[in-house]
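Structure first, then comments.
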Amino acid sequence: MTALIIVFNHAYEKNLPRLRDLYKERFSHIFFLMPFYRGQDPDVITVSSPAHYFQGYFTQAYDKLKDYNFDHWLVIGDDLILNPLINETNATEQLKLEKGGSYIPKINRFDECTKWGNACMYLKFT
């Protein structure tokens, strides 16, 4: 089974009910990553990284998501509409992913070789 993660780049809470309604028939597990969210909804994970680099969102959300046992996580932005044919049971088939497959072939270590302009400044700061 596939869970859906919807990533926000701003705390636009008005979209939460709309997105829940849009995807509730297709995904039984929906999570939202929203910067600086102050509400109490259990399906919303608050993050505090800059929206230009979403990798920080996933680092912060990891502790809340790691114990779920889904086969796949489908990640989309809050400002797009997922193809209506895709749901939690057929996402891998529709996206042509084999069992254990992923669109992210590997995770690189964050170090001096990282191709991000502020990588060295970040490493010195931490």
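Read-outs throughout are calculated quantities, based only on the coordinates presented, and are distinct from any laboratory measurement. Just so it is clear, the model here is predicted, and its values are computed rather than measured. Every residue, glycine among them, receives a Cβ derived from its backbone with ideal geometry; neighbour counts consider all protein chains shown.
For a straight C-alpha distance cut-off of 16 angstrom, the aspartates and glutamates reachable from Lys24 (same-chain residues fewer than eight places away being disregarded) are Asp41, Asp43, Asp78, Glu88.
Under 5 Å from the amide H of Val75 lie the amide H atoms of Ile5, each residue being 5 or more positions distant or on a separate chain, with H modelled from the backbone and absent for Pro and chain starts. In loop segments of segment 37-102 as defined by DSSP, the chymotrypsin sites (Phe, Trp or Tyr not before Pro) with at most 14 further C-beta atoms inside 10 Å of their C-beta are Tyr53, Tyr68, Phe70. The trypsin sites (Lys or Arg not before Pro) of segment 36-95 that meet both conditions, a loop assignment by DSSP and at most 16 other Cβ atoms within 10 Å of the site Cβ, are Arg38, Lys66. Note that segment 70-77 has calculated 3J(HN,Hα) couplings of 9, 6, 8, 10, 9, 10, 9, x Hz, one per residue in order, obtained from phi through the Karplus relation 6.51 cos²θ - 1.76 cosθ + 1.60 (θ = phi - 60°); glycine and proline are x.
The length gained by stretching the chain between Ala11 and Phe70 to full extension, at 0.36 nm per residue less their Cα-Cα distance, is 18.6 nm. Based on alpha carbons, the Rg and Dmax found for segment 56-95 are 12.2, 31 Å.
Amide H contacts of Val44 (H built 1.01 Å from N, in plane; Pro and chain starts excluded): Phe32 sit under 5 Å, all sequence-distant by 5 or more or on other chains.
Which one of Leu65, Ile81, Thr46 is farthest out on the positive end of the charge dipole of segment 17-90, using unit charges on Cβ (Lys, Arg +1; Asp, Glu -1) and the Cα centre as origin? Toward the positive end, the furthest listed residue is Thr46.
Here the Karplus relation 6.51 cos²θ - 1.76 cosθ + 1.60, evaluated at θ = phi - 60°, turns the backbone of segment 18-33 into coupling constants of 5, 5, 4, 5, 5, 10, 4, 7, 9, 9, 7, 10, 10, 10, 10, 9 Hz, with x for every Gly and Pro. Dividing the radius of gyration of the alpha carbons in segment 1-89 by their Kirkwood radius gives 0.93 for Rg/Rh.
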